[in-house]
1. Have a look at PHE29, PHE40 and point out the one that is farther than 30 Å from ASN8 by Cβ, assigned to a helix (DSSP H, G or I), under 15 Å from the mean Cα position of the chain (by Cα) and among the aromatic types (Phe, Trp, Tyr).
2. Checking SER15 against (1) assigned to a helix (DSSP H, G or I); (2) surrounded by fewer than 10 Cβ atoms within 10 Å (Cβ to Cβ), only one condition comes out false. Which one?
3. State yes or no: is ASN8 surrounded by 10 or more Cβ atoms within 10 Å (Cβ to Cβ), polar (S, T, N, Q) and part of a loop (DSSP other than H, G, I, E, B)?
Amino acid sequence: MEHGLERNRLKGVASDALNAILSAAAMNFQKLPGAFWRIFLLCLGRTWGWIQALQERLLLQTQSADA
């Protein structure tokens with residue numbers, strides 16, 4: 001997939017640069033969902049670790065209060 005670089009439908013030298021910029025933008029927009037997904041999973045993993053640490057701390061506090 002060339003992201004629109006297979007043919008320049010515009011005329012002139014400036015249009016060549018514009019076509020390259022728009023093709024790069026199209027490629028980056030296609031990468032965005034994957035980046036957002038990785039960031040979401042990273043945040044979810046950190047949150048899950050935080051919740052587990054909090055649960056362990058509360059469990060230790062209740063065990064020490066019972067003893």
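1. Working: PHE29 fails: farther than 30 Å from ASN8 by Cβ.
Unique residue meeting the criteria: PHE40.
2. Looking at each condition in turn, SER15 falls short on (2).
3. Against the criterion (surrounded by 10 or more Cβ atoms within 10 Å (Cβ to Cβ), polar (S, T, N, Q) and part of a loop (DSSP other than H, G, I, E, B)), ASN8 qualifies.
Every read-out reported here was derived from the displayed coordinates using simple, explicitly stated rules and does not represent laboratory data. For clarity, every value in this text was computed on a predicted model and none was experimentally measured. Every residue, glycine as well, gets a Cβ built from its backbone with ideal geometry; the counts of neighbours run over all protein chains shown.
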